[in-house]
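The values are calculated or read from the model by the stated rules, or taken from the named source; none is laboratory data. Source: prediction; values computed, not measured. Here Cβ is always computed from backbone atoms with ideal geometry, including for glycine, and neighbour counts include all displayed protein chains. Each accessible area value is taken on the protein alone, full model and side chains, heavy atoms only, with ligands, DNA and RNA left out. Shrake-Rupley method; radii C 1.70, N 1.55, O 1.52, S 1.80 Å.
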Amino acid sequence: MSQSVPKKIRVLMIEDDDVDAAFINRLLTSCPDQTFSVDHVKSLSAAIETLSKNDYEAALLDLSLPDAVGLESFEKIRALDARLPVVMLTGMNDEDVGLQAIESGAQDFVAKEHVSGQMLFRVLRFAIARQLKVMGFQAAADTDPLTSLPNRRYLQSHFDEFIKSAEIKNTPASLAILDVDHFKSINDQYGHFVGDAVLKKIAEIMTQTLGENACAMRIGGEEFAVLMLDDDIDQACQRIDQLLKTLASTTMSFDELSIVVTASAGVIELKYSDIWDKAFVAADSALYEAKSSGRNCYQRRDRIESSTAV
């Protein structure tokens, strides 16, 4: 992102409806006073891949995507690069959804059936200006500002270096993907401000518990990753097991509110030939099995034989 609102604004439009996308693109390219460059993707997964490789001044994000429900897409975009100002698009004129989006950190909310060219120009310019003021010019692209942990962008860009380091040292390395159990219910019951406070506390617990040679990262709304250098699968499982037990035994206090949360995890030992996408799929599959096993546990994936329940 630039340090001021630029003359040319690069926008990532995340919209699965081609008709709506074409309409919004026409509006933006017709602006007489501002040049907009628009890239269009149709899914959250495509947006994450694009944002991992490119920088934008703003994003237009549809609430209804084929691979995301409600504000889930925004949370994952924010975890990838929280510097990016996001304007939510919806086909419903629902002020409640708009307020939830803004409470979650979105810069604005626009109902597609009411959008006009001048409105959209103004919304995007103001969104960029506000985000620059809130985030400051020194916001790091690879750091999640909520938790101060490295983000998904950092993990994807440094994963090859991590694997190469392990290979050079001829040491094992492991990866865990953690997901906070029933986190949506925390946001629904207590609000996103409390939800954010819970995520910050989880990040603190991870940093304090994991110890040396382990790097914790926030890679999604309530999803975290842990890279463990020098840990084989057994050592990694012991480390993650201790983390899950510490988390489950910690009471988080916010004023008069007390909350206990748990998490589930998938753990794999990395191979020197691994690329990020391959490793993530394996660890995420183990995470799914942990959730299916009742949550508040980990599942290991040995990647040779079938996974072993814990």
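Taking the full set of protein chains and a 1.4 angstrom probe, give the accessible area of residue 272 in square angstrom, rounded to the nearest 10.
100 Å²
Pop out the Kirkwood hydrodynamic radius of the range 100-245 from its pairwise C-alpha distances, inverse of mean 1/r, in Å to one decimal.
17.7 Å is the Kirkwood radius here.
Add -39500 (n - 2.57) for each DSSP H run of 4 or more in the chain, then divide by its residues: what number comes out at 222 nm, to the nearest 500 deg cm²/dmol?
Calculated at 222 nm, the ellipticity per residue is -14500 deg cm²/dmol.
Which is the longest stretch in the chain that no exposed loop site breaks, taking sites as GluC sites (Glu not before Pro) with a DSSP loop state and at most 12 other Cβ atoms within 10 Å?
The longest such stretch corresponds to 1-211.
Counting only C-alpha contacts under 8 Å and six or more residues apart, can you give the relative contact order of the range 44-128 as a whole percent?
Answer for the range 44-128 is 28 percent.
Taking the C-alpha atoms of the range 157-310, how large are the radius of gyration and the largest Cα-Cα span, Dmax, in Å?
So, for the range 157-310, Rg and Dmax equal 15.5, 51 Å respectively.
Among 176, 227, 253, which residue has its Cα furthest toward the positive end of the charge dipole of the chain, with +1 on Lys/Arg Cβ and -1 on Asp/Glu Cβ?
227
Work through the residues other than residue 117 whose Cβ is under 12 Å from its Cβ and net out their charges, Lys, Arg +1 and Asp, Glu -1.
Neighbourhood net charge equals +1.
Which percent of the accessible area of the chain is formed by carbon and sulfur heavy atoms (probe 1.4 angstrom)?
Accessible surface attributable to carbon and sulfur in the chain totals 49 percent.
Stretched out fully, how many nm does the piece from residue 262 to residue 111 gain, at 0.36 nm a residue minus the Cα gap?
Gain in length upon complete extension: 50.7 nm.
What is the Rg over Rh value, at two decimals, for the range 20-121, using alpha-carbon atoms and the Kirkwood definition of Rh?
So for the range 20-121, dividing Rg by the Kirkwood Rh gives 0.93.
If you put +1 on each Lys and Arg Cβ and -1 on each Asp and Glu Cβ, how big is the dipole of the chain around its Cα centre, in Debye rounded to 20?
760 debye
Could you check what % of the DSSP bridge pairs in the range 101-258 are antiparallel, to the nearest 5?
Expressed as a percentage, antiparallel bridges in the range 101-258 total about 95.
Find how many whole Å separate the alpha carbon centroid of the range 234-308 from the alpha carbon centroid of the range 102-172.
If you average the Cα positions of each part, the centres end up 25 Å apart.
Taking a 26 Å limit on the Cα-Cα distance, which of the listed pairs 42/271; 42/278; 76/291; 42/76; 184/291 fall beyond it?
Those over the limit are 42/271.
Please report the antiparallel percentage of the DSSP beta bridges confined to the range 197-310, to the nearest 5.
70 percent
Assuming R0 = 22 Å, what is the FRET efficiency of residue 54 and residue 275, from their Cβ-Cβ distance, to the nearest 0.05?
Working from the Cβ atoms, E equals 0.70.
Mind checking the log10 I(q)/I(0) for the range 215-261 at q = 0.17, 0.20, 0.30 Å⁻¹? Debye, one equal scatterer per Cα, no solvent, two decimals.
Log10 I(q)/I(0), no solvent term: -0.65, -0.82, -1.08.
Among 143, 237, 213, which residue has its Cα positioned farthest towards the positive end of the charge dipole of the range 108-247, with +1 placed on the Cβ of Lys and Arg, -1 on the Cβ of Asp and Glu, and the dipole taken about the Cα centre?
143
Suppose every Lys and Arg Cβ carries +1 and every Asp and Glu Cβ carries -1, with no other charges. What dipole size does the range 122-234 come out with about its Cα centre, to the nearest 20 debye?
1020 debye
Heavy-atom accessible area of residue 76 with all protein chains present, probe 1.4 Å, nearest 10 Å²?
50 Å²
Would you list 64, 249, 73 from the most to the least accessible area, probe 1.4 Å?
In descending accessible area the options line up as 249, 64, 73.
If I ignore ligands, DNA and RNA and count only protein heavy atoms, how much of residue 39 is accessible to a 1.4 Å probe, in Å² to the nearest 10?
Spelled out: residue 39, probe radius 1.4 Å, area about 70 Å².
Pick out, from 58, 99, 111, the residue whose Cα sits farthest towards the positive end of the charge dipole of the range 1-113, with +1 on the Cβ of Lys and Arg and -1 on the Cβ of Asp and Glu.
Checked the options; the winner is 58.
Counting DSSP beta bridges with both partners in the chain, what percentage is antiparallel, nearest 5?
Just about 50 percent of them are antiparallel.
So what is the relative contact order of the chain, in percent, for Cα pairs below 8 Å that sit 6 or more residues apart?
That works out to 14 percent.
With every protein chain present, what is the per residue accessible area of the range 80-198 (1.4 Å probe, Å²)?
Result: 47 Å² of accessible area for each residue.
Determine Rg/Rh for the chain; Rg is computed over alpha-carbon atoms and Rh is the Kirkwood hydrodynamic estimate from the same atoms.
Checking Rg against Rh, the ratio lands at 0.99.
Placing unit charges on C-beta atoms (Lys and Arg positive, Asp and Glu negative, everything else neutral), compute the dipole magnitude of the range 9-99 about its Cα centre in debye, rounded to 20.
360 debye
Determine the relative contact order of the range 107-218: mean sequence separation of Cα pairs under 8 Å and six or more apart, normalised by residue count, in whole percent.
RCO, the range 107-218: 29 percent.
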